[in-house]
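Below: the structure, in structure tokens.
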Amino acid sequence: MNIALPDDLQRWHAIFEKAVSQIEAVDPGHDINHIKRVVNSAVQFANQEGANMQVVLPAAWLHDCVQVSKASRLRSQASQLAAGKATELLSEWGYQADLLPAIAHAIEAHSYSANIPCQTLEAQIVQDADRMDALGAIGIARTLLVGASFGNPLTFHEDPFCYHRTPDDKAAIIDHFYTKLLKLKDSFHTRAALQEASKRHQFMQQYLSQLEDELT
């Protein structure tokens, strides 16, 4: 994966990429390709916002270094477990020690389910990059892949677009748009992310409208 980075981070970039390529994804939405997309977005946002790339890069690469199934009672703790594991790995590799707390915080705060407020620009960027991958065409594709892997139907048999019922993404794949995805647009922090999120949000609304037309 080739992205523009300062020379002193190119070696670390290769180390991180090799390390996470060994991670076994718990579902199709959190594979190595997801991680690479998050890294790419995080680097882009960090360059635009003037963030500390020495914090953003390892946090983005290692944000899912511990993965927990959505069905697990530990799901909401996944980002904290990943932060702990990332700190251990970076210490073993000899990464700059004084940056480890900031990296750990950025990893902890990226998670939607953990609901940990971002205290730094770097945490905001990693969270923005991870949430961006839940929107737009790639967000739709990931939602369909993950929902199908759980054996969920595409739509619920009654009121499939949740006009008159509470959405439940354990009941149908499309419900996930209403429980989470359509709520993400205004949760982004950086200007670049907000602009891109708005475009992707609109695309998802168009998809749902087209799907409803075809089904009805």
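The values are calculated or read from the model by the stated rules, or taken from the named source; none is laboratory data. Keep in mind that what you see is a predicted model, and the values were worked out from it rather than measured. Glycine also receives a Cβ, built like all others from the backbone with ideal geometry; neighbour counts cover every protein chain displayed.
Under 26 Å from Ser149 (Cβ atoms) and either under 15 Å from the mean Cα position of the chain (by Cα) or aliphatic (A, V, I, L, M) (or both), is that true of Ile107?
yes
Quick one: what pairs do we get from the range 42-58, first residue in contact (Cβ under 8 Å) with a residue 40 or more places away in the chain, second assigned to a loop (DSSP other than H, G, I, E, B) and surrounded by 24 or more Cβ atoms within 10 Å (Cβ to Cβ), C-beta under 9 Å, 6+ apart or different chains?
Qualifying pairs under 9 Å: Ala42/His63.
Only one of (1) outside the structural domain of Leu89 (by TED's automatic domain parsing); (2) closer than 18 Å to Ala97 by Cα is not met by Met1, so which one is it?
(2)
Can you say whether Thr143 is surrounded by fewer than 20 Cβ atoms within 10 Å (Cβ to Cβ), at pLDDT 95 or above and of a type outside the set (A, V, I, L, M, F, W, C), as far as the supplied structure shows?
Against the criterion (surrounded by fewer than 20 Cβ atoms within 10 Å (Cβ to Cβ), at pLDDT 95 or above and of a type outside the set (A, V, I, L, M, F, W, C)), Thr143 does not qualify.
Starting from residues that are within 14 Å of the chain's Cα centre (by Cα), among the hydrophobic types (A, V, I, L, M, F, W, C) and part of a helix (DSSP H, G or I), keep the ones in the range 57-80 and report whichever is surrounded by the most Cβ atoms within 10 Å (Cβ to Cβ).
My answer is Ala59.
Condition (residue is in the same structural domain as Arg75 (by TED's automatic domain parsing), within 22 Å of Gly84 (Cα to Cα), touching a Lys or Arg at 6+ places or on another chain (Cβ under 8 Å) and modelled with pLDDT of 90 or more) applied to the range 42-57: is it met by at least one residue?
Step one: list which residues in the range 42-57 are in the same structural domain as Arg75 (by TED's automatic domain parsing), which gives 42-57.
Now drop any that are not within 22 Å of Gly84 (Cα to Cα), which leaves 42, 52-57.
So of that shortlist, the ones also touching a Lys or Arg at 6+ places or on another chain (Cβ under 8 Å) come out as none.
Within the range 42-57 (the criterion being in the same structural domain as Arg75 (by TED's automatic domain parsing), within 22 Å of Gly84 (Cα to Cα), touching a Lys or Arg at 6+ places or on another chain (Cβ under 8 Å) and modelled with pLDDT of 90 or more), the answer is no, since none of the residues qualifies.
In this structure, does Ala86 turn out to be in contact (Cβ under 8 Å) with a residue 24 or more places away in the chain, in a helix (DSSP H, G or I), more than 22 Å from Leu194 (Cα to Cα) and outside the structural domain of Phe188 (by TED's automatic domain parsing)?
It is true that Ala86 is in contact (Cβ under 8 Å) with a residue 24 or more places away in the chain, in a helix (DSSP H, G or I), more than 22 Å from Leu194 (Cα to Cα) and outside the structural domain of Phe188 (by TED's automatic domain parsing).
List, please: which pairs have Cβ atoms under 6 Å, are six or more places apart or on different chains, and start with a residue in the range 191-203 that is in the same structural domain as Ala141 (by TED's automatic domain parsing) and end with one that is among the charged types (D, E, K, R)?
That search, which allows pairs on different chains as well, returns Ala193/Asp128; Ala197/Lys185; His201/Lys185.
Just to check your reading of the model, which residue among Asp213, Asp186, Asp169 is closer than 29 Å to Ala42 by Cβ and exposed (fewer than 12 other Cβ atoms within 10 Å of the Cβ)?
Details: Asp213 fails: closer than 29 Å to Ala42 by Cβ; Asp169 fails: exposed (fewer than 12 other Cβ atoms within 10 Å of the Cβ).
Among Asp213, Asp186, Asp169, only Asp186 is closer than 29 Å to Ala42 by Cβ and exposed (fewer than 12 other Cβ atoms within 10 Å of the Cβ).
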